[in-house]
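Take a look at the structure set out below.
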Amino acid sequence: MLKTGRAGLAAMAGHDLTLEITSWSAQVEVPDEDAGGVTAATVTARLDLGSLAVREGSGGAKPLSDSDRRDIKKTIGGILGDGEATFASSRIVRSGASGGAIEGTLTIKGKSQPVRLQVTEPQSGKYRGSATIQQTAFGIKPYTGFFGALKLKDEVGVEFEVELHDDQAAS
């Protein structure tokens, strides 16, 4: 999920959005313990930017309509295009018994930036993570409307949850 926020004089008119990337794939490779185990694992992901769907809009002067959702998807498509974003891990850091971070490189629209994903394992084989990215770091100008009075904040929250099957679970 991607979480956006709003700013500017007309912020009350806009919505904080929750967006979902509905088409994505990821691969996690965990070597045997004698080869480093979880801390030597690699994580890669491909995210289809054309598959972004508006799941929720909170705040705003009026509730988010289906027409608003279509307009937002069209606007996002104009900004991001139909390409893909990719992530490749470079380091995994364990912290405590059920948490840590995955450090790596996120590439959007041909621009790459380092990203640190904070990750927890609330249940065996189930992982939740989050990060904050800045659109401008990837050459993306945050959306503005109403002649600049409504602005999308530069920071976008990223949240994910994945479940690895028993034959794939990290140990």
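The values are calculated or read from the model by the stated rules, or taken from the named source; none is laboratory data. Fair warning: this is a prediction, and the values are worked out from it, not measured in the lab. Accessible surface areas use protein heavy atoms only, side chains included; no ligands, DNA or RNA. Shrake-Rupley method; radii C 1.70, N 1.55, O 1.52, S 1.80 Å.
Just the protein heavy atoms count here, and of the accessible area of segment 96-144 at 1.4 Å, carbon and sulfur take up 48 percent.
Among the listed pairs Lys3/Lys74; Lys3/Lys111; Lys73/Lys153; Lys74/Lys141, those whose Cα-Cα separation exceeds 19 Å are Lys3/Lys111. If the chain linking Ser95 and Thr136 were pulled fully straight, counting 0.36 nm for each residue of separation and taking away their Cα-Cα distance, it would gain 11.7 nm.
Length gained on full extension, Glu56 to Thr86: 8.4 nm, using 0.36 nm per residue less the C-alpha separation.
Which residue fluctuates the most in the chain, going by a Gaussian network model with Cα springs under 10 Å, if the choices are Ala41, Ala61, Ala11? Checking each option, the largest mean-square fluctuation is seen for Ala61. Relative to the longest principal axis of the Cα atoms of the chain, helix 66-80 runs at roughly 70 degrees.
Within the listed set Ile79, Ile133, Ile92, the residue fluctuating most in the Gaussian network model of the chain (springs between alpha-carbon atoms under 10 angstrom) is Ile79.
Values (i) -0.44, -0.59, -1.13; (ii) -0.44, -0.61, -1.25; (iii) -0.73, -1.00, -1.31 are given for comparison; log10 I(q)/I(0) by the Debye sum over Cα atoms at q = 0.10, 0.12, 0.19 Å⁻¹, derived from the coordinates here, is the one labelled (ii). Normalised by the number of residues in the chain, the average gap of Cα pairs under 8 Å and 6 or more apart makes the relative contact order 23 percent.
Would segment 1-76 count as rounded, prolate or oblate if I go by the C-alpha gyration tensor, calling it rounded below 1.5 in a/c and otherwise prolate when a/b exceeds b/c, oblate otherwise? Prolate, since a/c reaches 1.5 and a/b exceeds b/c.
Indicate the gyration tensor shape class of segment 51-139 (rounded, prolate or oblate), computed on the Cα atoms with a ≥ b ≥ c the square roots of the eigenvalues: a/c under 1.5 is rounded; otherwise a/b larger than b/c is prolate and the rest oblate. Taking the square roots of the gyration eigenvalues as a ≥ b ≥ c, segment 51-139 is oblate. Protein heavy-atom accessible surface, 1.4 Å probe, per residue over the chain: 60 Å².
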